[in-house]
Amino acid sequence: TLHLPSLSCLIRRSISSSDEMLRRIRKDNEGRCRVVQRFKGESPQYVPWPDWVDGRIVKGFESIGITQLYTHQKESLEKWRNGENILVTTPNASGKTLCYLIPIFQELLSDPESKFLYITPTKALAQDQERRIIELAAMMGLSEGTAARYDGSISFREKKNILRSPPPIILTNPDQFH
């Protein structure tokens with residue numbers, strides 16, 4: 001268990017290596033750090049798009065430079081297609097977003113009445129994802145009103161309108177569930 005105030009102090013100091021960071025975490029947390037596990041970095045492995053993915057989705061993603069999938073993306077898509085639940089835990093910028101956006105777009109293109117509640121941990125991430133979803137949806141021929149954000153930064157009137165006439169995708173965060 002790490003004591004977060006000590007960890008936040010570490011971040012403000014200059015750290016030259018991961019070994020030094022681990023030494024400081026152990027020292028600053030008085031031995032409470034019990035397990036350290038190192039993972040060797042791996043080069044990404046690419047695979048082609050599954051044949052069953054709607055061609056509009058493939059073209060939309062190819063237009064922004066995504067011409068292949070990572071193996072974990074294809075694996076998650078196959079699990080989704082087989083009706084399994086999916087939990088994707090990979091480092092930042094490793095393509096987790098595609099693991100759920102592709103199934104959402106696949107459903108929307110086959111059933112325009114589909115609805116999705118997309119929960120992000122922060123408002124900032126919801127804002128970023130909303131822009132991305134709207135841009136991709138337009139590239140796939142989906143309507144302009146494909147997604148809307150429902151969070152603390154929009155007015156009560158906008159929230160009421162979203163609930164009255166919900167778009168296919170509503171992006172929100174845990175703060176809105178009270």
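The values are calculated or read from the model by the stated rules, or taken from the named source; none is laboratory data. All of these numbers come straight from a predicted model, not from anything done at the bench. Every residue, glycine as well, gets a Cβ built from its backbone with ideal geometry; the counts of neighbours run over all protein chains shown.
Which residues, taken from the stretch 115-163, are in contact with a Phe, Trp or Tyr (Cβ under 9 Å, 6 or more places away or on another chain), under 27 Å from residue 54 (Cβ atoms) and without any contact (Cβ under 8 Å) to a residue 24 or more places away in the chain? The one that is in contact with a Phe, Trp or Tyr (Cβ under 9 Å, 6 or more places away or on another chain), under 27 Å from residue 54 (Cβ atoms) and without any contact (Cβ under 8 Å) to a residue 24 or more places away in the chain: 162.
Could we say that residue 55 is at pLDDT 95 or above and among the small types (Gly, Ala, Ser) here? For residue 55, the condition - at pLDDT 95 or above and among the small types (Gly, Ala, Ser) - is met.
Anything in the stretch 98-141 that is in contact with a helix residue (DSSP H, G or I) (Cβ under 6 Å, 6 or more places away or on another chain) and modelled with pLDDT under 90? List them, or say none. Passing the criteria: only 120.
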